[in-house]
Every structure is written in structure tokens, then in C-alpha cells.
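Each remark here refers to the structure printed beneath this line.
The values are calculated or read from the model by the stated rules, or taken from the named source; none is laboratory data. This is a predicted model, so every value here is computed, not measured. As a convention, Cβ positions derive from the backbone with ideal geometry for all residues, glycine included, and neighbour counts pool all protein chains shown.
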């Protein structure tokens, strides 16, 4: 599962770490001072490291809960994100993480209690409210059997019913949720692209069918479930792949019961895009014409807006406009 | 011995002394290359290079610089770098060997962590010392080049393709003072099965990387015919990559894309691929 486990000396004696090291005793373990010695060094190559990622167990210092970028959320409440982990077990070619870090290793910040303290302080500053996103710099559920993220953080949010936690994921690791009582202020938000996009650009990601099955189970169990259509990447096939995707999803899930549905176009900071192009000069997606606005790069398409409107029109056959928002 | 390799092996091996090289020359079917007056150098038709640096950090850094500077190219190709050598450890059996996953420079205290992409090898830490170490205080292989090798080689390649392989030649029971240097070639030779796999795998990763980065031959053809400024070359390079990534490599060099000056050519290529990709 991991090529190596690097452990900051400072976290070596934390029980959570001891348990992990015992569990993965067959994986080479290397002690380091700070995770920055191993992670995101100048001469590293994200694409090569994806061949055999390592796990880094570290302590997060500094701000642990940050204001979410504008346009990220689904309502007007104050919104925040926190990252107990950096990097993702999946390998999606369109992902901004490839341009954000030079390393594909997974950093797991194990000082959950410090995250918990920061989160509860922020919730209390917001009179018990606010929206908190997890899964911005990682996939929160995909490494659940290793991280036990849900086991720790869901009880925190259960104590604050007016605060909302969104867990953004592409994972089918929902056993940890199905085994516990529903946390009514927790939303499981699953990302989807079309079948064509998934085949072309998503490696190691569970199939659409398996993800839908997981969401279906969650919905039946009473969990709040959301759908994120991100990134929308329009190809020569036009709208047909989206028609097929929506038909598949809404034949399996109850659209009226969805917490929310959103869409977002392919966008990333110019610098990230430049780094990704260097890593994947052979990738067709990055060979497409682009346009830059306010430091963000997007695929250039004269019909982008009309396509987006057409996709939204299709989507609104299944969900209400109150459930839908456009991200970014 | 290495199989008769027809394909390219973009691997540089650096050893500290001729005895370490001796076994490798035979194992890898290398021939002496007299190009350098400064270093003893070997190579084979598969482009595998072996350099004897001399002992210590300064010597190995100079050797890496010598080789790296020769191989710098603007086509984005990189080579794998492997430091092979003997080391001491307090209690590891003579002849045991591992890939370094933590390289600590004893004098500065700084550590580097070569990413471990290649499975199936023993791994362990390595400490680079300025003088031979007799007491081996840590559970590490003690030697005299690795930290400088890694620091220097990562200037020419990506860290994933810079590795350190150490074979234990001395320990507390068999101290360095009593080491029979004539045994060094056999200690290295005994690692042949492991070393051949390691070199093959490093070579395969480097080749895959280079293949992903490879530009259409049109790029070098045009560069040799038309003068391009640095900026134009970058633009032209990216356009060639876009054509290749879009499966349109054969479009490059079409008669209607011929232009006598770089600016016109770049403009034509850009307009064409934007038109095709957007359609």
C-alpha cells in the first residue's frame, strides 16, 4: 500500500502512530525531523512518485482551519476547510494537486486533537455554525481504514448540530459511516465526471456504478448525500455523456432527497497548470487551447457558457434549482 | 552478467575506487573509455556509464558534475544515477547490502531521503563521514560519498532516479583496519543479481520518463534550420508537444506549415492546433 512510511520523530510516540506502525510493520519505516525534509522537495517528480507513493506521518503546525475560497460553498454561511491530509490515493489527470506539490506522497497529520480544537474554536466563534469542508487537499474517505478520520471527527460535529461538515470524496469506503448513527449535519459529497472522462483521466478511482452503490446505501441509511459534477470537461461528444451520466445517477439515487448538487468547470491557477504541463506534456487534456483570467487557467471554448447552461438544464430535470449551485 | 542489452540504458554509476569498479566492469560488460584525463571512465554501447570518482565527498561531487555537465541536453531527457560502494556497519554481516532510504551527512547533520520507487530491495540508512568510522554508533551503513553524491546528482536528475547502494565490507568484528581490499570486487560481484535488477529498473523508469517527454523529431529539424530566440524555442517546443499529445504529430512538417521565419511558423502552428482542438 505504501512504499515507505516516514515518521516525524515528534509524533513517534502518539498512540495513533504506534497503531499504524504496528499495522504496517512490513513497510520500511524511516524517522525524519520534519515532513518537509521528505515532502515537496525541489528535485522531486509527482508523476514518478505516483508509481509508489509513501505515507508521511506528521504534525500540523500553524493554521489548521482556513477560510474556504470564495465561491466554494453551497450557501452563504461562513465556510472553512481543513486538511488533515495532503494528496490523494487516486490519480486524476485534471487534479490541481499535481501542480500544487512536487511530491505525490501522502502526508497524514496525526495531531487530530489540535485540529479538533481549532475546528471547535471556529464553530464557537460562529455561534455554533459555519460550513466546514474536508477533502480539499485530499480525499477524506479514501484512506479511512488507515486514517480513522471519520471515527474521530464525526463525533466532534455531532456535538455541534448547527455546524455543517462536508466530506468531499470519490471513495466507496462508507462502512465507517454505515456502522454508526447518522450524523445529521454531515454531508457526503461524491464527485462525478462522465464515463468517458473517468476512463480517460481517472486512475484508481472506483467505477461510477460502485460509487453510486455506496451513495445509495448512505441515502437509504439516512445520510445526507450530495453530488459534485467537477470538473466539467466538454469534449467532441457534446452533451450526450452528461445525459447518460445524469440518467444513470438519478435512476439509482432519489434526486429530491439530495442535499445539494453542484457543477464546476475545469479551472486551476496558472502556475499549477504550468507545472502539470511539464509533468504531462504527452497528455491530450493539456494540449487543448486555454484562456487565462485573473491568474486562473481554463479550457478555451467559445461554447463553454452555452454548454454549461445546457448541462444545467439537463440537471434541473432531476433536481430543483434550490438544490443546485454553480461552483467557482 | 548483463543480458546483451540492445535498448538504451540511461544510467550513470559512480563508485569511489577501482576495486569497486572492477566487478561492475565485468558484470555490465563495460569498456574503458579514455575520454577523461581526470577520471577513470567506462561505458557500454547501451549508454551505461561508470565513473571512478576517488574517495570522499569532494571527489564524488566533482565526478558527478563532470558527468552531469557532459549530459545536459535541452530535450528534457534525464538519466538515473546510482552510487555503488562498500560501507561499514556495527553488526551487519559482511556482504549484506541495501539501498539507502535516509542519507545523513555526519558533519552537517543534514539528511536526505531518496524516494523509494523500486520494491524488493533491502533498505536502510547511510551515514556519510569525512574520516573512516571505526565504532559505527548508529544502525547505519558508514561510508564517505553518499551525501555529496545525492546532493550533486539531484541537480541533474529527479530525486526518484538517484539511488545509493551500499555493500557491507567491515563491522565491529571485522574492523576496517583489517579489511582485505582484494575482497572488494567479490563483495560487489556477489550482489550481481540484485544490482542487475536495480539497474534495469532504474533504466526502465528513466526511459519511460524520457519517452513521455520526447519531442517530435520535427522540433530538432526546425531548430537546426531556423534561428529561434529562447522564448520562441520554448513556444515552439510546447506547440510540438501539443501536436504530439493530440495525436497530430504527422501534421507537423506539412507543406502548408512551412515558414521561413520562426515567428510565422509559431503563429501558423498555434492557429492550426487551436482550431483543430477547439473543434
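Quick check on the range B:5-21. Is at least one of its residues surrounded by fewer than 20 Cβ atoms within 10 Å (Cβ to Cβ), farther than 29 Å from residue B:170 by Cβ and over 18 Å from the mean Cα position of the chain (by Cα)? Yes, there is a match, as at least one residue in the range B:5-21 is surrounded by fewer than 20 Cβ atoms within 10 Å (Cβ to Cβ), farther than 29 Å from residue B:170 by Cβ and over 18 Å from the mean Cα position of the chain (by Cα).
Residues of the range B:113-135 that are assigned to a strand (DSSP E or B) and at the interface with chain A (Cβ under 8 Å from one of its Cβ atoms): B:123, B:125.
Only one of the numbered conditions (1) within 11 Å of another protein chain (Cβ to nearest Cβ); (2) in a helix (DSSP H, G or I) is violated by residue A:276, and that is (1).
Condition (residue is more than 8 Å from chain B (Cβ to nearest Cβ), part of a helix (DSSP H, G or I) and closer than 12 Å to residue A:94 by Cβ) applied to the range A:307-314: is it met by at least one residue?
So far as the range A:307-314 goes, no, none of its residues is more than 8 Å from chain B (Cβ to nearest Cβ), part of a helix (DSSP H, G or I) and closer than 12 Å to residue A:94 by Cβ.
When restricted to residues that are facing chain B (nearest Cβ under 7 Å), closer than 21 Å to residue A:272 by Cβ and surrounded by fewer than 20 Cβ atoms within 10 Å (Cβ to Cβ), the range A:30-50 contains 2. The residue that is nearest to the other protein chains (Cβ to nearest Cβ), counting only those in the range B:168-177 that are farther than 16 Å from residue B:55 by Cα and surrounded by 15 or more Cβ atoms within 10 Å (Cβ to Cβ), is B:168. For the range B:211-279, the helices (runs of 4 or more DSSP H) that sit wholly inside it and include 3 or more residues that are within 20 Å of residue A:300 (Cα to Cα) and within 28 Å of the chain's Cα centre (by Cα) are B:230-245. The condition of being crowded, with 18+ Cβ neighbours inside 10 Å and touching a strand residue (DSSP E or B) at 6+ places or on another chain (Cβ under 7 Å) does not hold for residue A:27. Quick check on residue B:223: is it free of Cβ contacts under 8 Å to residues at least 24 places away in the same chain and not assigned by TED's automatic domain parsing to the domain that holds residue B:87? Considered against the rule, which asks whether it is free of Cβ contacts under 8 Å to residues at least 24 places away in the same chain and not assigned by TED's automatic domain parsing to the domain that holds residue B:87, residue B:223 comes out as yes. Looking at the range B:264-273, is at least one residue buried (at least 16 other Cβ atoms within 10 Å of the Cβ) and touching a residue at least 40 places away in the same chain (Cβ under 8 Å)? Yes, there is a match, as at least one residue in the range B:264-273 is buried (at least 16 other Cβ atoms within 10 Å of the Cβ) and touching a residue at least 40 places away in the same chain (Cβ under 8 Å). Among residues of the range A:187-241 being under 26 Å from residue A:313 (Cβ atoms), away from chain B (no Cβ under 14 Å) and part of a loop (DSSP other than H, G, I, E, B), the one that is farthest from the chain's Cα centre (by Cα) is A:239.
A quick yes/no check of all residues on (1) more than 23 Å from residue A:72 (Cβ to Cβ); (2) crowded, with 20+ Cβ neighbours inside 10 Å:
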{"site": "A:242", "(1), (2)": "no, yes"}
{"site": "A:256", "(1), (2)": "yes, no"}
{"site": "A:262", "(1), (2)": "no, yes"}
{"site": "A:272", "(1), (2)": "no, no"}
{"site": "A:278", "(1), (2)": "yes, no"}
{"site": "A:282", "(1), (2)": "yes, no"}
{"site": "A:293", "(1), (2)": "no, no"}
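Return a yes/no flag: does the range B:46-56 have any residue that is assigned to a strand (DSSP E or B), within 16 Å of the chain's Cα centre (by Cα) and within 13 Å of chain A (Cβ to nearest Cβ). Looking through the range B:46-56, none of the residues is assigned to a strand (DSSP E or B), within 16 Å of the chain's Cα centre (by Cα) and within 13 Å of chain A (Cβ to nearest Cβ).
When residue A:114 is tested against (1) part of a loop (DSSP other than H, G, I, E, B); (2) closer than 25 Å to residue A:16 by Cα, exactly one condition is not met: (1). Within the range B:107-121, the set of residues being surrounded by 13 or more Cβ atoms within 10 Å (Cβ to Cβ) and out of contact with any helix residue (DSSP H, G or I) (no Cβ under 8 Å at 6 or more places or on another chain) comprises just one member, B:116. The requirement of being touching a helix residue (DSSP H, G or I) at 6+ places or on another chain (Cβ under 9 Å) and either surrounded by 13 or more Cβ atoms within 10 Å (Cβ to Cβ) or within 10 Å of chain B (Cβ to nearest Cβ) (or both) is not satisfied by residue A:14.
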